[in-house]
Amino acid sequence: MIQGIGASVGIAIGKAFVLPNWEWDLPEQKIDVADLAREFDRLYEGIRTSKVEIEQMKDELREVVGTEESYIFDAHLAILEDPVFMNEIQGIIQRQYKAAEVAVKEAIDHFVTMFDLLDDEYMKERALDIKDVGNRLLKHLLGAPEITLPSDTQPFILVAKELSPSQLAHLNPNHVLGIATLAGSTTSHSSIMARALGIPLVVGLESKLEDTFIQTGDYLILDGATGVVHLEPDEKLTRQYSELQSRHQEATQRLKDIIDIKPMTKDGKEMELAANISSLKELDVALSSGTDGVGLFRTEFLYMDRNRLPQEEEQFEVYRSVAEKLEGKPLIIRTLDIGGDKHLDYFELPEEENPFLGYRAIRICLDKTDLFKTQLRAILRASCYGEVKIMYPLISSIDEVRAANALLDEAKRELAETGHRYRDNIEVGIMIELPAAVMIADLLAEEVDFFSIGTNDLVQFTLAVDRMNDQISHMYEPFHPAVIRMLKQTVEAAKRANIHVGVCGEMAGDLRALPIWLALDVDELSMSSNAILPIKERLLCLEQEDSRSTFQQILACSTSTAIHEVLAKGYDSRSASTNALA
């Protein structure tokens, strides 16, 4: 068994196809001064050809995974236009008299090495983008053929050191059972695309392989949920995973039967089950799962993986499309939430010791008011086409709420002056994801129309645990007694103020947490689309009164272990695992 990191759920069983690494035979001799002009012409022609090819891939991919995901290739185009990258190549040609392909290879190696040395996951992922773009350019300069995948054989599990978005764009999902990569992370472009394509993916295998090497033709089992890869499994293990696959398929079919059933406990407590989305494609998946609306539209993905800020009209068209598709169901649009682990290639953020505690989210928006008002105007205009609401992230004070609302009022006046329609009484809410917000939740509730609890950051900040840090990630515990008390205080403050309260973090889609939300009388849970039906299935089997009794037991617990034991009573963990993967 090889333990990696699960990046896209699903089980794949089949033979491996190992993708060869890029390998080039480059000229060793230097060029003559007289040949400089020719090398520059070759470089520029290679750039032009690469741009055309990337644009074609972007258009083809848009039809498969949606417009937002196809913007990944805007970042690739930006690299080919980046003056720093190009100046490095041109300087090597001109000063060292090296051929264009040698200069490109040295520039790639220089930047990749530089980014890999940085203690920043985002920059490490951008190193792969540079490799991808540089190798495409090298391919044209050398006249080398594209590495092709088998297309006339049985479906396979693709194994690669790393997989670029360009390579992934050429995959036929019908031929690829799953993907395993030695490098990579759950937030890389390739992981995002694999999830959009519905291909099981395990990443980060390199440090776990030791003396084990996977070769083309080896028989594998890959579990994209647990991150496990089995090499040459025996009949018994293969049979077990085949049965698990069958159970997943049966569970998926069973869940389809409850799509149109109202989400309600046996004793009559109704709860809205909404979706977290970042693109129109994800909205389609949510609607096919019977979502009650969108509880979190992550707008930062409109800004990422491109070479410029999205303009008001472009944002308006996206927001309007989502609102219209929802046909009157609620749409909560979170304003721009960048910084921390989310960067924009064209928007320079300061170097920070602790970026998660630094210049990010609402703090950037209140500083860059033109950027913020552009988004607010787009949202306001879209509010005429559905039940649109605005939500501010990372709020820590009343001053921030009032400052954001003042800019919202300015945006309304600007739209009125230009004759644009908008809904004046649009609801405004905030994310509760900081302990500071919890402690003044009663005061914040007087300022807004709704709360949405972002459990991911709330748990992280409450426990001072970075869940992406392998050394301490085991300490990231959503069911810590301190977290439970934070949740209780937040919901009770909202209830006293008679405002809507929802949850949009990962705990919203956690089957174990459902009795907590029922006991607290939460109004809405917003989660990934594939969690909606499993949550609904369990909701239909529970009673709110029983959940209140369970919650009183939880409050009496002094440890996370004890809380887990209370929640485990009457709950089949095996069925939870099956539902989570379904």
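The values are calculated or read from the model by the stated rules, or taken from the named source; none is laboratory data. All figures in this text were calculated on a predicted structure; none of them were measured in a lab. Here the Cβ is made from the backbone with ideal geometry for all residues, glycine too, and neighbour counts use every protein chain on show.
Please specify each residue of the range 199-258 satisfying the condition of being under 23 Å from Val159 (Cα atoms), outside any strand (DSSP E or B) and touching a helix residue (DSSP H, G or I) at 6+ places or on another chain (Cβ under 6 Å).
Selection gives Ala225 alone.
Pick out the one residue from Leu336, Leu273 that is modelled with pLDDT of 95 or more, assigned to a loop (DSSP other than H, G, I, E, B) and not charged (D, E, K, R).
That would be Leu336, the only listed residue that is modelled with pLDDT of 95 or more, assigned to a loop (DSSP other than H, G, I, E, B) and not charged (D, E, K, R).
Looking only at the range 339-366, how many residues end up being charged (D, E, K, R), modelled with pLDDT of 80 or more and not in a loop (DSSP other than H, G, I, E, B)?
Here the count works out to 1.
Would you confirm whether any residue within the range 361-375 is acidic (Asp, Glu), more than 24 Å from Gln460 (Cβ to Cβ), surrounded by fewer than 21 Cβ atoms within 10 Å (Cβ to Cβ) and touching a residue at least 60 places away in the same chain (Cβ under 8 Å)?
no
Within the range 376-402, restricting attention to residues that are free of Cβ contacts under 8 Å to residues at least 60 places away in the same chain and of a type in the set (A, V, I, L, M, F, W, C), which residue is nearest to Tyr303 (Cα to Cα)?
Ranking the qualifying residues of the range 376-402, first place goes to Leu376.
Please work out if Leu380 is surrounded by fewer than 23 Cβ atoms within 10 Å (Cβ to Cβ) and assigned to a helix (DSSP H, G or I).
no
Right, Ala404: within 27 Å of the chain's Cα centre (by Cα) and assigned to a helix (DSSP H, G or I) or not? Give the steps one after another, and end with the answer.
Working: within 27 Å of the chain's Cα centre (by Cα): yes; assigned to a helix (DSSP H, G or I): yes.
Yes.
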